[in-house]
Amino acid sequence: FDRIADLMDRALTADVAHELRTPLHVIQGNMEGMLDGVYAPTPDTLDATLGETRALARLVDDLQTLSLAEAGRLPLTLEHVDIAELLADVVTSFSGQAEAAGVALRAATDGEGLAALADWGRLDQVLSNLVANALRHTPPGGHITLSAAADGPTQVRVTVADSGEGIAAEDVPFVFDRFWRGDPARSREGNAGSGLGLAIAQQLVQAQGGSIAVTSAVGQGATFTIHL
């Protein structure tokens, strides 16, 4: 077991190094090019460099969140969260991106007053990660639906379902692994994200005493289900 853990740690270190290397190389190349006079520091060049620094900052923040959650040290503020209100907020946040992508985004809840004991901010982060992931894999004309319903007397079930290209059966067991992306050719516009969004979503749900799972098939979209 110690050898397996050591191999996993080494693999994670290699993955992190790989993810950090790309934006760092772009930033370094842009800065050196401007200093050497290869090209002028135009607004477009500076914007591109700034964009890479933001991507790097997001990756570092994601790694920190994932590390704290896996260690059980992530601070949580548990309260009774109005699920309908939360879903509406998430839809509002992504409405512009969805419209630009030509994807219909909506929320639906079964009954009024549906609440779950959760951390509002962290649950919002989970749903945002799932919606962002769905947008990357749903072509124009498709749809994404956030829904919620009571699941027995003490649980709430929240789902994020899309009509995208779906996930191959052999890939489904790995979707919550760190840095897993599947086939990058199937990501819309080649934008595969950092590969940490689903891993973070799983850790944040589990930190709140819940569970998350996915069902999918190629060509039939994907449905992520959270139980709280």
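Rounded to the nearest 10 degrees, the angle from helix 2-35 to the longest Cα principal axis of the chain is 50 degrees.
Can you list residues whose amide H is under 5 Å from residue 119's amide H, if they're 5+ apart or on another chain and H is modeled 1.01 Å from N? Under 5 Å from the amide H of residue 119: 79. Note on the chain: helix-only mean residue ellipticity at 222 nm, from DSSP H runs of 4+ residues weighted -39500 (n - 2.57) and normalised by residue number, equals -16500 deg cm²/dmol.
Model label points for residue 151 and residue 218, set 7 angstrom from Cα along the Cα-to-Cβ axis, are 2.8 nm apart.
For the peptides 54-60, 222-228, residues were scored by their other Cβ atoms within 10 Å and the scores averaged per peptide; the highest-first order is 222-228, 54-60.
Considering only the other residues whose Cβ falls under 13 Å of the Cβ of residue 220, what net charge follows from Lys and Arg at +1 and Asp and Glu at -1? Spelling it out: positives minus negatives among the neighbours equals -2. How far is helix 197-207 tilted off the main Cα axis of the chain, in degrees rounded to 10, range 0 to 90? Taking Cα atoms only, the helix is inclined about 40 degrees. Can you say what percent of the DSSP beta bridges in the range 59-190, counting only those with both residues inside, are antiparallel? Round to 5. Bridges in the range 59-190 are about 65 percent antiparallel. If you run the Gaussian network model on the chain, springs between alpha carbon atoms under 10 Å, then out of 210, 166, 141 the most flexible one is 141. Net length available on complete extension from residue 76 to residue 36 is 9.6 nm, with 0.36 nm assigned per residue and the Cα-Cα distance removed. Note on the chain: antiparallel DSSP beta bridges, both residues inside, total approximately 80 percent of the bridges counted.
Per residue, the chain exposes 54 Å² of solvent-accessible protein surface, assessed with a 1.4 angstrom probe and all protein chains in place.
Taking a Cβ cut-off of under 11 Å around residue 115, the surrounding Lys, Arg, Asp and Glu residues balance to a net charge of -4, with basic ones at +1 and acidic ones at -1.
What residue among 82, 36, 171 shows peak mean-square fluctuation when the chain is described by a Gaussian network model with Cα springs under 10 Å? Of 82, 36, 171, the Gaussian network model singles out 36 as fluctuating most. Enumerate by residue number the GluC sites (Glu not before Pro) in the range 27-116 meeting two conditions: DSSP loop (anything except H, G, I, E, B), and at most 15 other Cβ atoms within 10 Å of the site's Cβ. Sites meeting the loop and neighbour criteria: 112. For residue 196, the amide hydrogen comes within under 5 Å of the amide hydrogens of 179, counting only partners 5 or more places away or on other chains and with H modelled in the peptide plane.
Here the Karplus curve 6.51 cos²θ - 1.76 cosθ + 1.60, taken at θ = phi - 60°, turns the phi angles of the range 96-110 into couplings of x, 5, 5, 4, 5, 7, x, 10, 7, 10, 8, 10, 8, 10, 9 Hz, with x standing for Gly and Pro. Ligands, DNA and RNA left out, the accessible area of the chain computed with a 1.4 Å probe is 53% carbon and sulfur.
The values are calculated or read from the model by the stated rules, or taken from the named source; none is laboratory data. Not measured: the values here are computed from a predicted model. For neighbour counting, all protein chains shown are included, and Cβ atoms are generated from backbone atoms with ideal geometry for every residue, glycine included. Surface accessibility is based on the protein's heavy atoms, side chains included, excluding ligands, DNA and RNA. Shrake-Rupley method; radii C 1.70, N 1.55, O 1.52, S 1.80 Å.
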